[in-house]
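The values are calculated or read from the model by the stated rules, or taken from the named source; none is laboratory data. Nothing here was measured: the structure is a model prediction, and the numbers come from that model. Cβ sites come from the backbone with ideal geometry, for glycine too, and all protein chains shown count toward neighbours.
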Amino acid sequence: MTEATIKVAGGERYLEPEIARRLAQQTIAGSSAAAVSALSAREFEVFCLLAKGCTTREVADELRLGHKTVANHATLIKSKLGVNTAAEVAKIAYQWGILKA
């Protein structure tokens, strides 16, 4: 089964990462839009999982990537967004409507 099927069957919502990225871009104005536009589709996936509170190890397992690859993505994401902590990543995701309270 696909990830979408599993999530929907479990009562969760599913949105393709590329569609989620595009929706986020439409809701962001000014320099914030430029920051999110700078994220690749893979970086956006990592961003979403980190914002939800996943560790880099959990993100690596979820996306079937190496731990160091995810750590590198996390560093690049924080740099592109101009933040330093996971809490700031989560705050941005919340402000953009990617995370719900």
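A single member of Ala86, Ala60 is surrounded by 14 or more Cβ atoms within 10 Å (Cβ to Cβ) and touching a Leu at 6+ places or on another chain (Cβ under 7 Å), and it is Ala86.
Pairs meeting the criteria (first residue in segment 30-41 and closer than 13 Å to Val83 by Cβ, second residue outside any helix (DSSP H, G or I) and at pLDDT 55 or above, beta carbons under 8 Å, at least 6 apart or on different chains) are Ser32/Trp96; Ala35/Gly82; Val36/Trp96.
Of all residues in segment 73-99, which are under 13 Å from Leu50 (Cα atoms) and among the small types (Gly, Ala, Ser)? Within segment 73-99, Ala74, Ala86, Ala87, Ala90, Ala93 meet the criteria. Here Leu65 fulfils each of the conditions (1) of a type outside the set (D, E, K, R); (2) in a helix (DSSP H, G or I); (3) more than 12 Å from the chain's Cα centre (by Cα); (4) at pLDDT 95 or above apart from (2).
Taking the criterion of being free of Cβ contacts under 8 Å to residues at least 24 places away in the same chain, buried (at least 17 other Cβ atoms within 10 Å of the Cβ) and out of contact with any strand residue (DSSP E or B) (no Cβ under 9 Å at 6 or more places or on another chain), would at least one residue in segment 65-78 satisfy it?
Yes, there is a match, as at least one residue in segment 65-78 is free of Cβ contacts under 8 Å to residues at least 24 places away in the same chain, buried (at least 17 other Cβ atoms within 10 Å of the Cβ) and out of contact with any strand residue (DSSP E or B) (no Cβ under 9 Å at 6 or more places or on another chain).
When Gly53 is tested against (1) at pLDDT 85 or above; (2) surrounded by 13 or more Cβ atoms within 10 Å (Cβ to Cβ); (3) not acidic (Asp, Glu), exactly one condition is not met: (2).
Name the pairs: first residue in segment 80-92 and touching a residue at least 24 places away in the same chain (Cβ under 8 Å), second residue aromatic (Phe, Trp, Tyr) and surrounded by 16 or more Cβ atoms within 10 Å (Cβ to Cβ), Cβ to Cβ under 7 Å, at least 6 apart or on different chains? Cβ pairs passing all conditions: Val89/Phe47.
In the set (1) at pLDDT 95 or above; (2) touching a helix residue (DSSP H, G or I) at 6+ places or on another chain (Cβ under 7 Å); (3) assigned to a loop (DSSP other than H, G, I, E, B), Val59 fails one condition alone, (3).
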